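What follows is a short report on a single structure.
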Number of protein chains: 2
Amino acid sequence: VPRTFNLCLLGFGNVGRALLELLLEKRDALRSEHGIEWRITGVATRRMGWIASPAGLDPKVLLEGSVSPPSLCARPAGVPEWLRAAQADVLFENTSLDFETGEPAISHLRAALEHGAHAITANKGPVVHAYKELSEVARRHGRRFLFESTVMDGVPIFSMFRDTLPLVEVTGFRGVLNSTTNVILGGMEAGKSFADSLRDAQVAGVAETDPAADIDGWDAAVKVAALALVLMKYPLKPQQVERHGIRHLTGESVRAAVAAGRRCKLVCEAERSAAGIRARVGPEEVSLADALARVEGTSSAITFYTDVFPALTLFEENPGPKATAYGLLADFITAVCRADDSMAR
Amino acid sequence: VPRTFNLCLLGFGNVGRALLELLLEKRDALRSEHGIEWRITGVATRRMGWIASPAGLDPKVLLEGSVSPPSLCARPAGVPEWLRAAQADVLFENTSLDFETGEPAISHLRAALEHGAHAITANKGPVVHAYKELSEVARRHGRRFLFESTVMDGVPIFSMFRDTLPLVEVTGFRGVLNSTTNVILGGMEAGKSFADSLRDAQVAGVAETDPAADIDGWDAAVKVAALALVLMKYPLKPQQVERHGIRHLTGESVRAAVAAGRRCKLVCEAERSAAGIRARVGPEEVSLADALARVEGTSSAITFYTDVFPALTLFEENPGPKATAYGLLADFITAVCRADDSMAR
């Protein structure tokens, strides 16, 4: 007998929409393979306000953006009231990143867990600033806090170590994890200046209006901190990651690297050291023999150094919005179908 | 409270020994992280015979190869009696591959499941010849049939799709999965003839005395069939894989490829087609821009094409025996700690 879950979407931008499309595409398979039925009972965005409808909203109407708020909407005073009105079983938190504090996403996720819903996010802020706390709140309420889509879209990184690599110790990693800078560097290789390549990336929707988080290496540093915290159990703050951006690079220097048989990449790395951990983000000229030299455009790659596998690399090519949305879907399936192994410990 | 499991090793060569060393290395972590205690209650090899000791054998004595059979041994008439005498909870089946029938490994694994033990193997034969049957026997007895170490050592391939990529559809794959041929081709690139490179690989213990299974592409074809069967749900027999070996290649031709900026690799591939599946193993001259060109020595790599991730690659560098043993250990943890999600369907 399938169980029906009430899903709430906090934030309904590209990722939220792609998630809803993927939920529709996989609707039959979710039912037949995992016994999961779902309905969207809550959507909250700046434009639409706080919509809650325990009977379920029409996904097609949501995707068309034509929800008529007054007819469906309760306007609660905050997230807890909204989750209650929507009778939420799962919250998908997709608000934007605040890498200094992780708020307000942390509060949203905590509210979801305390309400008794699983808390799933594509937002790195809560991971680096509240992983331990939110995991404990989740455990206390018998729910899950999951965040697979925060690094390399929905490629299984956290779930790979959690579910398929028990007892493997990660001693370090090295990767290209920020696609905005990778696209900008690609444009510079093709002949553009930094400023022109950045502007083109902004026009293409790859870089944001305020590009600082990407080009100064903050986004990458937050990912490094999240990986170090969850996979290496080392409480590293993004501010502790040695961080160099790509703002100072010139088209000439990037093209000179290519002429010398190398490619300039924004490399993320961390390794265990006597002092704890050494973590760094910065542009590096990598040789063509290096797997990272093959990371084009919005692709990404990471190599893990472990006590069992000397070097294990995951390489993702040309992801679409579906790849990020998939991480949220996989987290949803994990949350409702699988016991939290860590609860037994 | 930790639970203690009785482990039986059928075959105790390099992989079995590496498994025992890894079990010892991870003993404390198994207890503290997963509540698992273990003892070896059965070992069977041609040299030692059928040893069963429900009180547990001394791992150090086993590793030194100094078990004195008469003092410890029951000599049962067959595998079921041996498993009974050893009170087996888990069988690790590590006998050698028969790629035409999968026997006698299939019978060993079936006997284990019918005895009520989990059946774990690094042997590809039972997967391609009896995956469906053994999975059903396992389900009937509430036990698991697991085989992560059959492809790319213990790198999570089957478990990645099973546990972290629910509902992802694999439409094809392409990889370098046979290390013996890769080592031989490397020797040819370095100046040797095929015959000399093969002989050196035999001396180094990388190639077997009878090298046909590797150099004629059978080992690779069995892996392709296993991946197609389990991940693409297509019942492909090794004999149905279009198969070309490397026996006919000359050192000159392999070095000519290098001179032309390419590398000769034994490529495994499969893709869904209108007729079902197109699967092939054969030497290919890959460009240096291809990830497969970077597969050196005993390393391996595979790219999966899926409906969610356009291309997702796993790359394993320089695995040791520990990497293969790890797949068996991970399967053991999965078998005893996690419910079979497929049983709910």
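Remarks
- Extreme residue, positive dipole direction of the stretch A:98-173, given options A:Ser159, A:Gly102, A:Asn123 (C-beta unit charges): A:Ser159
- Interface A:B - total buried accessible surface [probe 1.4 Å, Å², rounded to 100]: 4000 Å²
- The three principal axes of the Cα atoms in the stretch B:166-216 give end-to-end lengths of 46, 22, 17 Å, sorted in falling order.
- Summing Cβ point charges (Lys, Arg +1; Asp, Glu -1) relative to the Cα centre of the protein assembly as shown gives a dipole of roughly 1040 debye.
- Counting only Cβ charges, +1 for Lys and Arg and -1 for Asp and Glu, the dipole size of chain A around its Cα centre is about 540 debye.
- Overall dimensions of the stretch B:128-275 by Cα: Rg and Dmax, Å: 17.6, 57
- Considering the rotation that superimposes chain A on chain B, the residue of A whose beta-carbon lies nearest the axis, and that distance in Å, is A:Asp163, 2.
- Take the Kirkwood radius over Cα pairs of the stretch A:228-345, plug it into Stokes-Einstein at 37 °C and 0.692 mPa s, and you get 189 µm²/s for translational diffusion.
- Over the C-alpha trace of the stretch A:277-345, radius of gyration and Dmax come out as 16.7, 46 angstrom.
- Three-way shape label, chain B, alpha-carbon gyration tensor, a/c 1.5: prolate
- Compactness of the stretch A:231-275, taken as the C-alpha radius of gyration over 2.2 N^0.38 Å, stands at 1.61.
- With all projection directions averaged, the alpha carbon convex hull of the protein assembly as shown covers 31.3 nm².
- Note on the protein assembly as shown: dipole from Cβ charges, positive end direction compared against A:Pro319, A:Ala279, B:Leu10; the farthest Cα belongs to B:Leu10.
- Using equal-weight Cα scatterers in the Debye expression, the normalised intensity of the stretch B:198-288 in log10 at q = 0.10 Å⁻¹ is -0.31.
- The share of alpha-carbon pairs in the stretch A:77-123 lying farther apart than 18 Å comes to 23%.
- Calculated on C-alpha atoms, the gyration radius of the stretch A:123-194 divided by its Kirkwood radius gives an Rg/Rh of 1.12.
- Extension gain, A:Arg272 back to A:Glu25 (0.36 nm per residue minus Cα-Cα distance, nm): 84.7 nm
- Chain-alone versus full-assembly comparison, the stretch B:149-168, residues with accessible loss of at least 40 Å² (1.4 Å probe): B:Pro156, B:Asp163, B:Thr164, B:Pro166, B:Leu167
- The angle separating the long axis of helix A:179-189 from the principal Cα axis of greatest extent in chain A is about 30 degrees.
- Heavy-atom accessible surface of the protein assembly as shown: percent carbon and sulfur, 1.4 Å: 49 percent
- Efficiency of FRET between B:Arg46 and B:Lys132 - r from beta-carbon atoms, R0 35 angstrom, step 0.05: 0.70
- The stretch B:29-165: relative contact order in percent, alpha carbon pairs under 8 Å with at least 6 residues between: 16 percent
- Between the listed residues A:Gly142, A:Val258, A:Phe309, the Cα displaced farthest toward the positive end of the dipole of chain A, a dipole computed from Cβ unit charges relative to the Cα centre, is found at A:Gly142.
- Anisotropy class of the stretch B:210-259 from Cα gyration tensor, a/c 1.5 cut: prolate
- Karplus (6.51, -1.76, 1.60) ³J(HN,Hα), θ = phi - 60°, over the stretch A:104-119, in Hz, Gly and Pro reported as x: x, 4, 4, 5, 4, 5, 4, 4, 4, 5, 5, 6, x, 9, 5, 10
- Sorted largest first, extent of the stretch A:83-177 alpha carbons per principal axis (Å): 44, 28, 21
- The Rg/Rh ratio of the stretch B:20-141, with both radii computed over alpha carbons and Rh defined as the Kirkwood radius, is 0.98.
- Distances in nm from B:Cys337 to the matching label points in the other copies, shortest first (labels 7 Å along Cα to Cβ): 2.0
- Dipole moment magnitude, nearest 20 debye, the stretch A:195-261 about Cα centre, only Lys, Arg, Asp, Glu C-beta charged: 340 debye
- Each other copy holds its own label point for B:Asp210; taking that point as 7 Å from Cα along Cα to Cβ, the gaps run 7.0 nm, nearest first.
- Average accessible area per residue (Å²) across the stretch A:126-284 - probe 1.4 Å, nucleic acids and ligands excluded: 38 Å²
- CD proxy at 222 nm, helix term only [per DSSP H run n ≥ 4: -39500 (n - 2.57); per residue of the protein assembly as shown; nearest 500]: -11000 deg cm²/dmol
- Copies compared at A:Arg27 - label distances in nm, ascending, label defined 7 Å from Cα in the Cβ direction: 5.6
- Label separation (B:Glu252 vs A:Glu114): 7.9 nm, computed from points 7 Å beyond Cα along the C-beta direction.
- The angle between the Cα long axis of helix B:124-140 and the main principal axis of chain B comes to about 40°, on a 0 to 90 degree scale.
The values are calculated or read from the model by the stated rules, or taken from the named source; none is laboratory data. Source: prediction; values computed, not measured. Glycine gets a Cβ as well: all are built from the backbone with ideal geometry, and neighbour counts include every protein chain shown. Ligands, DNA and RNA are excluded from the accessible area calculation, which covers all protein heavy atoms including side chains. Shrake-Rupley method; radii C 1.70, N 1.55, O 1.52, S 1.80 Å.
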